[in-house]
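Here is the structure we will look at, set down as structure tokens.
The values are calculated or read from the model by the stated rules, or taken from the named source; none is laboratory data. None of these values were measured; they are calculated from a predicted model. Note: ideal-geometry Cβ built from the backbone for every residue, glycine included; neighbour counts use all protein chains shown. Areas reflect the complete protein model, heavy atoms only, side chains present, ligands, DNA and RNA absent. Shrake-Rupley method; radii C 1.70, N 1.55, O 1.52, S 1.80 Å.
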Amino acid sequence: MLEIKDVSRRFDSFVALDRVNLTIAAGEFFTLLGPSGCGKTTLLRMIAGFDQPDDGDILLDGRSLIATPPEQRPLHTIFQNYALFPHMTVAENIAFPLRMAGCAREEIAGRVARALEDVRLPDKGRHYPDALSGGQKQRIAIARALVNRPRLLLLDEPLSALDAKLREQMQLELITLQKEVGITFIYVTHDQGEALALSHRIAVMNGGHIVQVDEPSRLYGFPNSRFVADFIGHCNLLGGVVTAVQTGDATVELDGLGTVQTVIQPAAGVAVGRRCTLTLRPEKTHISTTLTPGEEAAHFRGVVHDMLYLGDVTVYKVELANGMIVEALLANSAPGRARFFEVGDAVEVAWRLDAGHLVME
Amino acid sequence: MRRKTWRRQLLTLPPTGYLLLFFAVPSIIMLFASFRYAGEYGGLAPWYYYEAGEFSLDLTLENWQRLFESEIYLLLFLKSIGYALLTSLLCILLGYPLALMIARRPKRQRDLLLLLVILPFWSNFLVRIYAWMIIFSPAGALTQMVNGLLGLFGLGPVTLMYSTTAVIVTLVYVHLPFMVLPLYANLEKQSPALLDAAQDLGANSWRRFWHVTWPLSLPGIYAGSILVFIPVLGMFAIPDLLGGTDSIMIANVIKQQFVESRDWPFGSVLSMVMTVAAVLVVLLGARLARQGVARG
């Protein structure tokens, strides 16, 4: 539906986007995720029409959008601070795109009323935006952007101004809303948790490039690079060299630790002698006081260096023999949990053969 | 809570004192003077007599009656208000594009352009008026140019000096910065995101201006209009120096009462009327501006 073809953008000597290619399907909830300065907002502004690519093309249903000014593109944007018109009532705000499109007065009234009901604020029409809470403003901005049924909705970090509780609630609402209206959402955020929770697919961006495009669970489970592994969730990154490759698994010599076996994905480009990083999620990293032979593929001795009690889980930071700190997550609900570890305890860090994911450098 | 109000009162003390001392007290003196008799050689006659142990007030309503005896004063008031309105309007027409242009420039250019707007304030007011006298003089460049243009259409030469046109042009020139500065302050702080949003929602550049920039700038327009309207209402130097006999304003008459006619009480009557008119305009403007601010 939306195709981004070889799009580049330079600001003086700074390359904001470097030959970006993306295809976004109709009805998709697609997220551009990356640290600030990665080019995600530039890309969004280009889709909206506020910026022009130096090279490349942006196509909607096969037709180029480049020559179309923002006001004529069949898409709307939710801005970071909502950008509600302060001199207009909520109803006038929502009516704005309809008025610009030249709808009849009676039709506008009906559609505004319906839009207000859709965002469950039916009695706020006469209020001014100033009188609304952050979450309400957010909903009005969404109502305003959806009232004349755009093909695409662009959302530029729309939840960043809300507090954590409200943000979670709005995330759920966005998911429901997107499902209901069936409009393609392109969502920009630097918050990986938000991206994982909301999206059908995520494009992870860094330094003007797209690093990986995938579904949230695949992105989390099978990052294609150290960057993605580190950026999405927490991750232990253990550097090493591949020493042997077998069918389905490989042997890796981890720097200063020793050899481990690990499962490899087909087509991961694993080859003997290459430098690699074993990415290991803290929840798949086990710690215990005693050696538990059996399923675990790797065991290393360490000392509890730090711990963070988070209520549902406790994060242990364990210092290994090579001085590296490894995070391990222990659910506090685990049945038969013998005891908490304390800082300074000697522990055993272990993980299963299929716990790690190998990325090449 | 109590401490806070106490502090707030302390903070408002200097402006309150200033207003009392320089506005309320003089106004009361003027109001009082408007009920007194003129002194024989100017000034004011005593307001009471104390003769043979008897105390008598010597106040009168004559001065106020005189205001209504002839319609000339009412007409002059209306004309002055007309001049002030016209000047404000012309200042909006000229100042709005200027303020908007400056506000949309990069930050560094803005400061320079603003400096240029207020640069005339660095020279003396009268010097600037005399400069206009040169420009308007029959041999002046402007007059020559206008008459040259008129000549092309076979129209007779005109004199610009000592005319209402000269008065209005100079009033606008002198007061334009008072319109530009508050307008600029308003336009500069308008969020560009609102224009992006308007464009995103389908508004072309004209509609973005008309539906977003303009309504949000109304408080700036009210503020600027007050700042232009009030000094123009009290202006006498410009009509004196550049105006003809038909372009005198009410302030000229007030000045005449105090200086030439030496009729302070009647001058006070006219001053009071003008003060009340000015206060009403300020109240109206402040009310409109506050409504705008409450939403903006």
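Consider A:Ile66 against the criteria (1) in contact (Cβ under 8 Å) with a residue 24 or more places away in the chain; (2) open to solvent by 10 Å² or more (accessible area, probe 1.4 Å): it satisfies all of them except one. Which criterion is unmet?
With respect to (1) in contact (Cβ under 8 Å) with a residue 24 or more places away in the chain; (2) open to solvent by 10 Å² or more (accessible area, probe 1.4 Å), A:Ile66 is out only on (1).
For region A:46-90, which residues satisfy the criterion of being at the interface with chain B (Cβ under 9 Å from one of its Cβ atoms) and at positive phi?
A:Gly49, A:Tyr82, A:Ala83
When region A:205-230 is examined, which residues are found to be buried (at least 23 other Cβ atoms within 10 Å of the Cβ) and closer than 28 Å to A:Thr314 by Cα?
Once the filter is applied, which keeps residues that are buried (at least 23 other Cβ atoms within 10 Å of the Cβ) and closer than 28 Å to A:Thr314 by Cα, region A:205-230 yields A:Leu219, A:Pro223, A:Val228, A:Ala229.
Which of the residues that make up region B:195-225 are at the interface with another protein chain (Cβ under 7 Å from one of its Cβ atoms) and of a type outside the set (A, V, I, L, M)?
The answer is B:Asp196, B:Gln199, B:Asp200, B:Gly202, B:Asn204, B:Arg207, B:Pro215.
Give the residue that is nearest to the other protein chains (Cβ to nearest Cβ), with candidates limited to residues of region B:181-194 that are open to solvent by 40 Å² or more (accessible area, probe 1.4 Å) and of a type outside the set (Asp, Glu).
B:Ser191
Looking at A:Leu32, A:Leu43, which is the one that is crowded, with 23+ Cβ neighbours inside 10 Å, touching a Cys at 6+ places or on another chain (Cβ under 9 Å), away from chain B (no Cβ under 14 Å) and modelled with pLDDT of 90 or more?
None of the other options fit; the residue is A:Leu32.
In region A:245-270, which residue that is of a type in the set (Asp, Glu) and touching a Leu at 6+ places or on another chain (Cβ under 9 Å) is nearest to A:Met324 (Cα to Cα)?
A:Asp255
Can you list the helices (runs of 4 or more DSSP H) lying wholly within region A:160-249 that have 3 or more residues being within 24 Å of A:Arg45 (Cβ to Cβ), modelled with pLDDT under 90 and in contact with a helix residue (DSSP H, G or I) (Cβ under 8 Å, 6 or more places away or on another chain)?
Result: A:164-181.
Would you pick out the residues in region A:1-46 that are farther than 23 Å from A:Asp191 by Cα, charged (D, E, K, R) and not in a strand (DSSP E or B)?
If the condition is that a residue be farther than 23 Å from A:Asp191 by Cα, charged (D, E, K, R) and not in a strand (DSSP E or B), then A:Asp12 is the only one that fits.
Name every residue in region A:125-159 that is within 14 Å of chain B (Cβ to nearest Cβ), free of Cβ contacts under 8 Å to residues at least 40 places away in the same chain, of a type in the set (D, E, K, R) and out of contact with any helix residue (DSSP H, G or I) (no Cβ under 7 Å at 6 or more places or on another chain), in order of residue number.
Once the filter is applied, which keeps residues that are within 14 Å of chain B (Cβ to nearest Cβ), free of Cβ contacts under 8 Å to residues at least 40 places away in the same chain, of a type in the set (D, E, K, R) and out of contact with any helix residue (DSSP H, G or I) (no Cβ under 7 Å at 6 or more places or on another chain), region A:125-159 yields only A:Arg149.
Among the candidates B:Pro231, B:Pro239, which residue alone is touching a helix residue (DSSP H, G or I) at 6+ places or on another chain (Cβ under 9 Å), touching a residue at least 40 places away in the same chain (Cβ under 8 Å) and crowded, with 19+ Cβ neighbours inside 10 Å?
One residue alone meets the criteria, B:Pro239.
Check off (1) surrounded by 18 or more Cβ atoms within 10 Å (Cβ to Cβ); (2) free of Cβ contacts under 8 Å to residues at least 12 places away in the same chain for A:Thr176 and give me the number that stays unchecked.
Among (1) surrounded by 18 or more Cβ atoms within 10 Å (Cβ to Cβ); (2) free of Cβ contacts under 8 Å to residues at least 12 places away in the same chain, the lone unmet condition for A:Thr176 is (1).
Among B:Val273, B:Val281, B:Val269, B:Val232, which is the only one that is within 24 Å of B:Asp58 (Cα to Cα), in contact with a Ser or Thr (Cβ under 9 Å, 6 or more places away or on another chain) and of a type in the set (Val, Ile, Thr)?
Exactly one of B:Val273, B:Val281, B:Val269, B:Val232 is within 24 Å of B:Asp58 (Cα to Cα), in contact with a Ser or Thr (Cβ under 9 Å, 6 or more places away or on another chain) and of a type in the set (Val, Ile, Thr), namely B:Val269.
Is it the case, given these coordinates, that A:Met100 is surrounded by fewer than 22 Cβ atoms within 10 Å (Cβ to Cβ) and either out of contact with any strand residue (DSSP E or B) (no Cβ under 7 Å at 6 or more places or on another chain) or of a type in the set (S, T, N, Q) (or both)?
Here the answer is yes, as A:Met100 does meet what is asked.
Can you confirm whether B:Arg105 is open to solvent by less than 80 Å² (accessible area, probe 1.4 Å) and of a type outside the set (A, V, I, L, M, F, W, C)?
Spelling it out, it is not the case that B:Arg105 is open to solvent by less than 80 Å² (accessible area, probe 1.4 Å) and of a type outside the set (A, V, I, L, M, F, W, C).
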